[in-house]
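Visitor: Submitted below is the structure of interest, expressed as structure tokens.
Rule-based calculations on the coordinates, nothing more; no lab input. Source: prediction; values computed, not measured. Note that we place each Cβ from the backbone using ideal geometry, even for glycine, and neighbour counts take in every protein chain shown.
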Amino acid sequence: MFQRHFWPLIILISAALYMPATVLAYQGEFLLFPTLTAEHRSAPMMDHPQDEVTPTLDAFYSASHEHLRFLAEYMASSHHKMMERLQIGWLPTESTTLWLGRFHNPLGYWNTQFHHGNYLTTTISRPSIVSFEEHGGGVLPMHLSGLLLDETTDGPFSYSVAVGMGPKMGMMGLAPVEIFQPTKQQGRLSASARLIYKAQEDKMNEAGIFTAYTRIPTENIFMDMGMGPMLTGITQTLVGAEINHEFGDLRLIGEWYIVNNRLETASTTASHTFSSGYLQTDYSIRSNWILFGRLEDTAHAKGDPYLDLRPEFIDSRILAGVRWEVSLNQALKLELSHNEHQDQTKSSLVAIEWSAVFP
């Protein structure tokens, strides 16, 4: 019943914000983020050929009217199409926003700062631990559907709290709620919280901690890569820390996650904990040139029954590249990486990407 009435309500409220300005005076912004990515791998992967060219278009719209806010993001590529975010917000106070809809789970810096428009990121790839679900090969719930509270205090602290439906686990991996198919089997309860500290409001520097609890239903998934009994569900809990700091022309971004997964069958349970994180450096050598590098690593990944369900997951990666700001709204990136996957395979990747934002 909740799912049946939840999304029609979102759509009706959202439509009101699309009314002409003569009917409802509001401020809106519409942005397009086109991307063209070419990749060459040392060997073909499970879901990717050795050479691949992927066009992507991300459409982002936001609007505000008095105490109301609206946000929508739709992404289409040669691999899939999805309404990534659809949120209606209400500001009971100047420092508080209550969102209803599908949103990015407030886990860490990367997932809350960057969306699907690759022009906004220095690198081409996301860190593996914060990869998007399903087609992105992610292992954490990057999207939730429900309620999100964002609060900025008078001091240096701000926080977010989210409660809603998380993803389910199928043959293609984690699948978040599909908002235009509300009758389809969806996820279960998920809750998360994030606390951020910023010493100076005019600076980008911040540090934070976060935690999450997610019940993940499973669909035709077996333990031990098909050798064991069928899973009936997964309970995931995690804690983590983040930092984003600038030292002149040098910027550091880092996150660390400690993740426990309890895999349940009709007769047994298996629990295992792994930790994973990354540290990225961006160095501006000129106003329109940035050199970047990133190290990623995962501890206790070998034999982890949850990570074994995603054999393509990148346990560790060494990455380097350069970004050239061609114009005010276009960028070219070159990225080289060496990757070690959960199934013990290794691969090298060369990627070139053009990305932009219009208007």
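Visitor: Tell me the trypsin sites (Lys or Arg not before Pro) within the stretch 112-192 that lie in a loop according to DSSP and have at most 13 other beta-carbon atoms within 10 Å.
Guide: The qualifying sites are 184.
Visitor: Also: Test of the criteria: in the stretch 66-109, which GluC sites (Glu not before Pro) are in a DSSP loop and have at most 11 other Cβ atoms within 10 angstrom of their Cβ?
Guide: The qualifying sites are 66, 94.
Visitor: To continue, here is another question. Using DSSP to call loops (not H, G, I, E or B), can you name the trypsin sites (Lys or Arg not before Pro) in the stretch 233-341 whose Cβ has at most 14 other Cβ atoms within 10 angstrom?
Guide: Loop-located and lightly packed - 302.
Visitor: Along the charge dipole of the chain, which of 330, 222, 267 sits closest to the positive end, that is, farthest toward it, with unit charges on the beta carbon of Lys, Arg, Asp and Glu (+1, +1, -1, -1)?
Guide: 267
Visitor: Given Cβ point charges of +1 (Lys, Arg) and -1 (Asp, Glu) and nothing else, what value in debye, to the nearest 20, does the dipole of the chain about its Cα centre take?
Guide: The dipole magnitude comes to about 520 debye.
Visitor: Another one. Let a ≥ b ≥ c be the square roots of the eigenvalues of the Cα gyration tensor of the stretch 130-262; is it rounded (a/c under 1.5), or, if not, prolate (a/b larger than b/c) or oblate?
Guide: Taking the square roots of the gyration eigenvalues as a ≥ b ≥ c, the stretch 130-262 is prolate.
Visitor: Give me the distance in nm between label points sitting 7 Å out from Cα along the Cα-to-Cβ direction at residue 135 and residue 289, one decimal.
Guide: Taking the two extended label points, one gets 3.5 nm.
Visitor: Right, another one. Place +1 on the Cβ of every Lys and Arg and -1 on the Cβ of every Asp and Glu in the chain, take the dipole about the Cα centre, and give the residue among 180, 298, 99 whose Cα lies farthest towards its positive end.
Guide: 180
Visitor: When the C-alpha atoms of the stretch 83-191 are aligned to their principal axes, what extent does each axis show, in angstrom, from largest down?
Guide: Projected onto the principal axes, the Cα atoms of the stretch 83-191 cover 46, 37, 20 Å.
Visitor: For Cα pairs less than 8 Å apart in space and 6+ apart in sequence, what is the mean separation divided by the residue count of the chain, i.e. the relative contact order in percent?
Guide: Answer for the chain is 13 percent.
Visitor: Of 81/198; 168/198; 81/168, which sit over 27 Å apart, Cα to Cα?
Guide: Flagged as over cut-off: 81/198; 168/198.
Visitor: What does the charge dipole of the stretch 14-148 about its Cα centre add up to, to the nearest 20 debye, if the Cβ of each Lys and Arg holds +1 and the Cβ of each Asp and Glu holds -1?
Guide: It works out to roughly 180 debye.
Visitor: A further question follows. Take the alpha carbon gyration tensor of the chain, find the square roots of its eigenvalues, order them as a ≥ b ≥ c, and report rounded if a/c is under 1.5; if not, report prolate when a/b exceeds b/c, else oblate.
Guide: The shape class here is rounded.
Visitor: Still on this model: Evaluate E = 1/(1 + (r/R0)^6) for residue 320 and residue 197, where r is the Cβ-Cβ distance and R0 equals 30 Å; express this FRET efficiency to the nearest 0.05.
Guide: E(calc), rounded to 0.05, equals 0.50.
Visitor: Just rank 133, 312, fewest to most, by other beta-carbon atoms within 10 angstrom.
Guide: With the sparsest Cβ surroundings first, the list reads 312, 133.
Visitor: Another question about this same structure. With labels modelled as points extended 7 Å from the Cα through the Cβ direction, what inter-label distance (nm, one decimal) is found for residue 330 paired with residue 154?
Guide: Taking the two extended label points, one gets 5.0 nm.
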